[in-house]
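Down below is the structure, laid out as structure tokens.
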Amino acid sequence: MSTTFDQPQALIDPDEHRGGTGTVRFVVRKVLEGLVSLVLVVVLGFLLFRLIPGDPIASLTRDRPTSPEQIAEMRRQLGVDNPMWRQFLDYVGGLLHGDFGLSTTFRRPVGEMIAERVGPTLLLVGTATVLAVIIGLWLGVRAAWRHNSAFDRAHTGIALTLWSVPQFWLGLVLLIATQGLFPSAGMRSPDIPDGFFPQALDVAHHLALPCVTLLLVIYAQYMLVMRSSLLGEMGADYLTTARAKGLRDDLVRKRHAVPNALLPTVTLVFLQFGMVVSGTVTVETVFTWPGLGQLLALALRGPDLPLLQGLFVVFAGSVIVMNMLAELLYRVLDPRVRAQ
């Protein structure tokens with residue numbers, strides 16, 4: 001008797017009896033955890049790029065006649081001749097004011113260069129992620145509901161194949177297969193007339209191939225996770241009860257099975273979004289898409305340590321923010337988390 005009634009009581013949202021203070025404490029705790037992680041990223045990024053062998057001044061003056069006075073002046077301007085603790089304080093003070101330092105290759109503020117590239121990357125990653133979520137969830141639900149059918153086996157095999165394909169290779173294959181039907185480089189054509197619709201169509205035309213390349217790789221993991229989650233729910237007693245009440249199979253799937261199976265998939269979407277932002281290096285490089293991934297590839301050629309350091313903080317920060325949003329959303333979607 002006690003076991004039967006204890007379980008529903010454990011799922012009662014305790015926040016209802018605390019006037020919402022439990023939610024506030026949860027949000028504040030997660031925000032503080034995110035800030036601590038971000039501080040650790042800043043410290044780790046600073047130390048990591050100071051431990052890399054090599055002299056940035058030597059890289060800048062390679063194959064260029066430079067006098068010792070000029071080298072000393074460059075060291076003073078970049079602050080590399082200061083003690084480590086002074087460099088760290090200057091770096092943290094700059095970050096607090098939005099100053100990521102000066103690019104040693106392009107001689108421009110790193111923050112300004114990153115800000116220029118955020119929009120194209122968000123456009124590419126956002127479009128590919130939205131399409132991947134819609135297609136992946138739709139295919140995952142149907143593959144699980146028709147388990148072991150020809151549909152399930154075919155789409156699971158295709159998803160596993162695409163998931164294991166390198167993005168740069170898939171991009172090159174699409175370039176060859178389309179035979180110039182879509183632009184192979186850049187984000188805009190120089191001869192497009194002014195106006196919102198011509199410019200938007202031109203960007204969409206350039207976006208097609210890099211977006212499809214990214215979409216084909218990332219939709220597969222959403223489909224496989226959704227399929228696995230739904231298969232785990234299909235043997236649950238509450239679905240048998242719903243069928244015993246006379247609900248049609250479609251309603252059992254839509255109203256009961258899919259909402260419960262969505263929880264791990266929603267978490268994965270947020271976790272992967274932060275990683276996808278930093279994982280577009282190969283796609284943006286193949287298609288010369290002017291985003292953060294291409295900027296990272298340019299920074300590695302230098303190497304441009306201030307630019308690499310700034311991109312490291314931005315990429316790690318996007319993963320931390322997305323993880324925090326996933327945990328907050330998980331509390332909204334899952335009453336078991338609110339009951340803890």
Name the single residue that is farthest from V203 (Cα to Cα) among those in region 248-289 being part of a loop (DSSP other than H, G, I, E, B) and modelled with pLDDT under 80. G279
Determine whether region 23-32 contains at least one residue that is surrounded by 11 or more Cβ atoms within 10 Å (Cβ to Cβ), within 29 Å of L329 (Cα to Cα) and modelled with pLDDT under 80. yes
Return only the number of the condition from (1) in contact with a Leu (Cβ under 7 Å, 6 or more places away or on another chain); (2) in a helix (DSSP H, G or I); (3) within 26 Å of V281 (Cβ to Cβ) that M226 does not satisfy. (3)
Counting only residues that are surrounded by 15 or more Cβ atoms within 10 Å (Cβ to Cβ) and out of contact with any Leu (no Cβ under 9 Å at 6 or more places or on another chain), which one in region 235-255 is nearest to F270 (Cα to Cα)? L239
Going through L44, L51 one at a time, which residue ends up being modelled with pLDDT of 75 or more, under 30 Å from G310 (Cβ atoms) and open to solvent by 50 Å² or more (accessible area, probe 1.4 Å)? L44
Any pair with Cβ under 6 angstrom, 6 or more apart, that starts in region 252-274 at a residue that is closer than 13 Å to L137 by Cα and ends at one that is basic (K, R) and part of a helix (DSSP H, G or I): none
Is there a residue being basic (K, R) and modelled with pLDDT of 90 or more anywhere in region 181-198? no
Over region 68-99, the set of residues at pLDDT below 80 and of a type in the set (V, I, T) is I71, V80
Just wondering, is there one or more residues in region 185-205 that are open to solvent by less than 60 Å² (accessible area, probe 1.4 Å), part of a loop (DSSP other than H, G, I, E, B), of a type outside the set (A, V, I, L, M, F, W, C) and touching a residue at least 60 places away in the same chain (Cβ under 8 Å)? yes
When region 190-238 is checked residue by residue, the ones that are more than 30 Å from D250 (Cα to Cα) and in contact with a Pro (Cβ under 7 Å, 6 or more places away or on another chain) are I192, H205, H206
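Conditions (1) among the charged types (D, E, K, R); (2) buried (at least 18 other Cβ atoms within 10 Å of the Cβ); (3) under 17 Å from the mean Cα position of the chain (by Cα), marked per residue:
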{"position": "L224", "(1), (2), (3)": "no, yes, no"}
{"position": "P259", "(1), (2), (3)": "no, no, no"}
{"position": "F273", "(1), (2), (3)": "no, yes, yes"}
{"position": "V283", "(1), (2), (3)": "no, yes, yes"}
{"position": "F287", "(1), (2), (3)": "no, yes, no"}
{"position": "G291", "(1), (2), (3)": "no, yes, yes"}
{"position": "A297", "(1), (2), (3)": "no, no, no"}
{"position": "P306", "(1), (2), (3)": "no, yes, no"}
Is it the case that region 203-217 has a residue that's β-branched (V, I, T) and within 21 Å of T265 (Cβ to Cβ)? yes
Scan of region 284-315 for residues that are out of contact with any Phe, Trp or Tyr (no Cβ under 8 Å at 6 or more places or on another chain), of a type in the set (A, V, I, L, M) and touching a residue at least 24 places away in the same chain (Cβ under 8 Å), ordered by number: L295, L298, A299, L311, V314
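The values are calculated or read from the model by the stated rules, or taken from the named source; none is laboratory data. It should be emphasised that the depicted structure is a prediction, and the values quoted were computed from it without experimental measurement. Every residue, glycine among them, receives a Cβ derived from its backbone with ideal geometry; neighbour counts consider all protein chains shown. Please note that ligands, DNA and RNA were not included when accessible areas were found on the heavy atoms of the full protein model with its side chains. Shrake-Rupley method; radii C 1.70, N 1.55, O 1.52, S 1.80 Å.
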